[in-house]
Amino acid sequence: MKIAGSSEVMNHYQEAASVLPGAIHHATTQCPFCSVQCKAEVTIESREDVSKSTTRVFQYVTESKGTLNKASEGRICVKGMNAHQHTTSARRITSPLIKKDGELTEATWEEAIQYIAGKIQSLPSNAVGVYGGGSLTNETAYMLGKFARIGIGTKYIDYNGRFCMSAAASAGAKVFGMDRGLTFPLSDIEDAKCIILAGTNIAECQPTLMPYFTRAQEKGAVIIVIDPRRTSTAAMADLHLAVRPGMDMLLADGMLKWLREQGLLDEAFIANRTNGYEQLTAYLDKLDWKYITDNTGVSEENLKLAADMFGKAKTGMVLTARGVEQQTDGHLAVRHFINLLLATGGSADKAAGTERSQDKGMVREAESMVKRLISSLDIAPLRMSRTVITSLLCGALNLMKFLEREYLLTK
Ligand code: SF4
């Protein structure tokens with residue numbers, strides 16, 4: 001597929017006199033935007049800048065297409081097709097900006113480092129907090145941790161990977177004794193007969209996974225989407241429960257209450273493999289239907305219909321994402337959805353599973369992130385990214401040296 005307006009992604013930083021006009025280079029890379037990590041092949045063409053009557057040569061990304069990998073089956077979405085713009089856009093900011101008189105003004109790296117160091121120096125160590133983003137590479141995230149703990153000496157460091165899905169990870173660890181994220185291969189999806197997608201908008205956040213779900217539907221699966229919004233994913237569902245924001249846990253409890261009343265639970269599995277069931281049933285008994293429907297905003301009829309669909313299906317899956325996990329008590333919300341699985345899907349002929357569908361790359365704590373290695377940046381269109389990262393690392397090292405000079409470094 002041709003990329004529209006490729007002239008806009010002219011890479012000013014790839015200027016190289018040694019590259020001949022007309023040279024075409026292919027590079028294999030992968031999209032960093034979500035957990036599918038689709039593989040892509042980009043085509044970069046070197047062109048002469050004829051508009052300015054010079055002999056300079058620029059590189060343009062002229063094509064980006066998906067290549068085969070197991071998760072995406074060769075698909076790539078529009079985000080992946082345009083991911084290269086992070087490094088090739090002419091609008092990319094390439095120098096520090098310091099606010100002066102209310103205006104962001106270009107500064108040198110040295111000025112920026114001096115400025116930041118001065119601010120840090122003026123504060124006690126633990127008055128400084130450090131927060132890393134999901135786009136950091138493994139190495140940069142590691143460096144950030146060292147910079148915060150050793151360089152600054154603060155105990156306040158957090159990271160997108162923890163905030164992003166810690167509720168789901170801790171829920172999995174609490175219930176199963178371990179955190180495994182995806183508990184089944186993607187290829188199992190099309191064999192599920194009832195799929196609950198709770199707080200996840202896969203059609204827009206992980207579009208290349210959608211064929212797994214449409215194939216399941218074609219094979220007779222029922223898809224239930226739990227989401228306050230009428231998303232693209234909700235539009236393809238067989239049943240959409242537009243739950244009130246923050247009430248997903250109560251909705252799961254209502255479904256479980258109905259399944260129990262209908263005798264659709266796997267009593268043998270519950271007795272042999274779970275604990276706490278008595279406390280759970282005591283809690284469910286206290287919930288009345290008016291309270292559930294008033295608070296969830298879902299009609300009793302639809303809630304019971306969803307529970308019946310899930311309880312009677314021979315195989316089932318529940319997939320949760322940030323919509324459930326990033327609530328006031330996302331940890332408990334996830335656990336209550338897992339309760340649905342444990343109470344109905346424990347028997348051998350019902351291959352239930354959970355998955356935490358992610359709208360970002362698979363990231364964990366800063367120092368154990370396993371994907372997006374700098375080595376994956378070793379391709380032509382991403383050279384700038386590596387240069388910038390190297391600059392940032394050098395900047396952090398310089399800042400540490402500066403702090404050491406000023407006797408701020410924690411021994
Ligand atoms: S599905 Fe995710 S990894 Fe694949 S191209 Fe789209 S955003 Fe990138």
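Run the numbers for THR28 and ASN302: contour at 0.36 nm per residue of separation, minus the present Cα-Cα distance, in nm.
Length difference between fully extended and current span is 93.9 nm.
Between THR94 and ALA127, what FRET efficiency comes out of the Förster formula 1/(1 + (r/R0)^6) with R0 = 30 Å and r the beta carbon distance, rounded to 0.05? Don't jump to the answer; show the numbers that get you there.
Working: r = 31 Å, r/R0 = 1.03.
Efficiency at R0 = 30 Å is approximately 0.45.
Rank HIS26, HIS84, HIS331 by accessible area, highest first, at a 1.4 Å probe radius?
Numbers: HIS26 110, HIS84 15, HIS331 45 Å².
So, going from the largest accessible area down, we get HIS26, HIS331, HIS84.
Compute the accessible area per residue over the stretch 139-263, keeping the other protein chains in place, probe 1.4 Å, unit Å².
Working: 5020 Å² over 125 residues.
On a per-residue basis, 40 Å².
Would the stretch 159-208 count as rounded, prolate or oblate if I go by the C-alpha gyration tensor, calling it rounded below 1.5 in a/c and otherwise prolate when a/b exceeds b/c, oblate otherwise?
Details: a/c = 2.22, a/b = 1.31, b/c = 1.69.
In terms of gyration-tensor shape, oblate.
Could you list the residues of the stretch 127-149 with an amide nitrogen less than 12 Å from a label point located 7 Å from the Cα of TRP109 in the Cα-to-C-beta direction?
Hits in the stretch 127-149 for TRP109 at 12 Å: none.
If a/c stays under 1.5 just call it rounded; otherwise compare a/b with b/c (prolate if a/b is bigger, oblate if not). Do that for the stretch 185-350, with a ≥ b ≥ c from the square roots of the Cα gyration tensor eigenvalues. Kindly include the intermediate steps, with their values, before the conclusion.
Working: a/c = 1.67, a/b = 1.21, b/c = 1.38.
Note, shape of the stretch 185-350 comes out oblate.
Pull out the extension gain between LYS286 and THR328, defined as 0.36 nm times the separation in residues minus the alpha carbon to alpha carbon distance; nm, one decimal.
Details: separation 42, 0.36 × 42 = 15.12 nm, distance 2.21 nm.
Length gained, LYS286 through THR328: 12.9 nm.
For the stretch 185-350, with all protein chains present and a 1.4 Å probe, just round the carbon and sulfur fraction of the accessible area to a whole percent. List each step's numbers first, then the result.
On the way: 3510 of 7000 Å².
About 50 percent, which is the carbon plus sulfur part of the accessible surface.
Tell me the label-point distance for the pair GLU73, THR274, using the 7 Å Cα-to-Cβ offset, in nm and rounded to one decimal.
Using points 7 Å along Cα→Cβ, the separation is 3.2 nm.
In square angstrom, rounded to the nearest 10, how much accessible surface does MET236 have for a 1.4 Å probe?
Surface open to solvent at MET236 totals about 40 Å².
The values are calculated or read from the model by the stated rules, or taken from the named source; none is laboratory data. It should be emphasised that the depicted structure is a prediction, and the values quoted were computed from it without experimental measurement. All Cβ positions, glycine included, derive from the backbone under ideal geometry; neighbour counts span all protein chains shown. To get the accessible areas, we keep the full protein, side chains included, count just its heavy atoms, and leave off ligands, DNA and RNA. Shrake-Rupley method; radii C 1.70, N 1.55, O 1.52, S 1.80 Å.
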